[in-house]
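Asker: Structure provided below as structure tokens; questions to follow.
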Amino acid sequence: MTVLGMALASGCYREPAAQPPQQGYYPQQGYYPPQGYPQQQPPGYPPQPQPQPTYAPPQPQPQPTQPPPAQPTPAQPAAANPWMTLLSGLLSNPPPLPPGWLPSPPAPAPAPTTPPPSTPPAPGTVPAINARALDLANAINKYRAQNGLPAIPISRSLSFVADTHVRDLRDSAKVAAQCNGHSWSGKGAWSACCYTADHAQAKCMWSKPAELTTLKATGFEIAIGQPGETMGTVLDSQKAIAAWQGSPLHNDVILNRNTWQKTAWRSMGAGIVDSHACAWFSDQPDPVQ
């Protein structure tokens, strides 16, 4: 080669200029995009969708379901007992004991009760106990037996007092409201009185057996009905017993509880007519057999 050829050759040769890397192309000399930087794709290559951060509001966690509080059931008023209305507040306080009254010893077991004879009684004697009164007296003894108590001897004298009183209550003129069912009118052979809730006329009750019969003893009464008022309801022994059972102070007299727990009843009589009923008790036996 001539010198000129060498010179031209040396003057025309150039090192090829470095070409910029193609877009999205990275040389393989260990070069990687920065951490977290999205790597570019070659031209014409469909871009891959990049996941976009999305915000999801925190979902409330389900809470344990509590049952709604139970609503209190309104108290239902107790059904009215029509027989209790007939008591009219009798014995609202325990009646006082007579002066010198002492607890009596236990009564002996009575003889079995037999119905009264059907023949009329002899003149001057206490009348026989009528069937309704006897049924009430026997119902009282049955109730006592259910409570482990002995029967009380049924008294003709006290039954006569009871029958006289219920008829007087039914047939009397209506009196002041404060005169309760232990009151007596002035229409008979007995002392009249207006018995009030304060027991100011307690002697009027105690004295009636002695006033009306040969049983000269103190008497105690439980009664249903007001003087001169007929409720339009006919009582029977079961209705009368149910009314007395529902009144604690009446119940105490029948079952010898509380005030009467040291008293032994030795005689008992009953009377019942229309809306009125009563039972009489004494710690003394009836001399009339």
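Asker: Name the residues in the range 245-278 that are closer than 21 Å to residue 130 by Cα and of a type outside the set (A, V, I, L, M), would you?
Answerer: 266, 267, 269, 271, 274, 275, 276, 278
Asker: Okay, next question. Being among the small types (Gly, Ala, Ser), open to solvent by less than 40 Å² (accessible area, probe 1.4 Å) and touching a strand residue (DSSP E or B) at 6+ places or on another chain (Cβ under 6 Å) is the filter here, so list the residues in the range 184-218 that pass it.
Answerer: If the condition is that a residue be among the small types (Gly, Ala, Ser), open to solvent by less than 40 Å² (accessible area, probe 1.4 Å) and touching a strand residue (DSSP E or B) at 6+ places or on another chain (Cβ under 6 Å), then 217 is the only one that fits.
Asker: Sticking with this structure for a sec: Please enumerate the residues belonging to the range 243-272 that are buried (at least 16 other Cβ atoms within 10 Å of the Cβ) and among the β-branched types (Val, Ile, Thr).
Answerer: 253, 254, 263, 272
Asker: Report, ordered by the first and then the second residue, all pairs with beta carbons closer than 9 Å, sequence separation of six or more or different chains, a first member in the range 148-159 that is without any contact (Cβ under 8 Å) to a residue 60 or more places away in the chain, and a second member that is of a type in the set (S, T, N, Q) and open to solvent by 40 Å² or more (accessible area, probe 1.4 Å).
Answerer: 151/113; 151/138
Asker: Any idea which of (1) among the hydrophobic types (A, V, I, L, M, F, W, C); (2) in contact with a strand residue (DSSP E or B) (Cβ under 9 Å, 6 or more places away or on another chain); (3) in a helix (DSSP H, G or I); (4) farther than 15 Å from residue 213 by Cβ is the one residue 145 doesn't satisfy?
Answerer: Of (1) among the hydrophobic types (A, V, I, L, M, F, W, C); (2) in contact with a strand residue (DSSP E or B) (Cβ under 9 Å, 6 or more places away or on another chain); (3) in a helix (DSSP H, G or I); (4) farther than 15 Å from residue 213 by Cβ, only one is false for residue 145: (2).
Asker: Looking only at the range 273-282, decide whether some residue is crowded, with 22+ Cβ neighbours inside 10 Å, charged (D, E, K, R) and within 17 Å of residue 163 (Cα to Cα).
Answerer: No: zero hits.
Asker: Report yes if some residue within the range 219-233 is without any contact (Cβ under 8 Å) to a residue 40 or more places away in the chain and among the aliphatic types (A, V, I, L, M); otherwise report no.
Answerer: no
The values are calculated or read from the model by the stated rules, or taken from the named source; none is laboratory data. What you see is a predicted model; the values in this text were computed from it and never measured. Counting neighbours? That spans all protein chains shown, and the Cβs are built from the backbone with ideal geometry, glycine included. Keep in mind that these areas ignore ligands, DNA and RNA; they rest on the heavy atoms of the full protein, side chains included. Shrake-Rupley method; radii C 1.70, N 1.55, O 1.52, S 1.80 Å.
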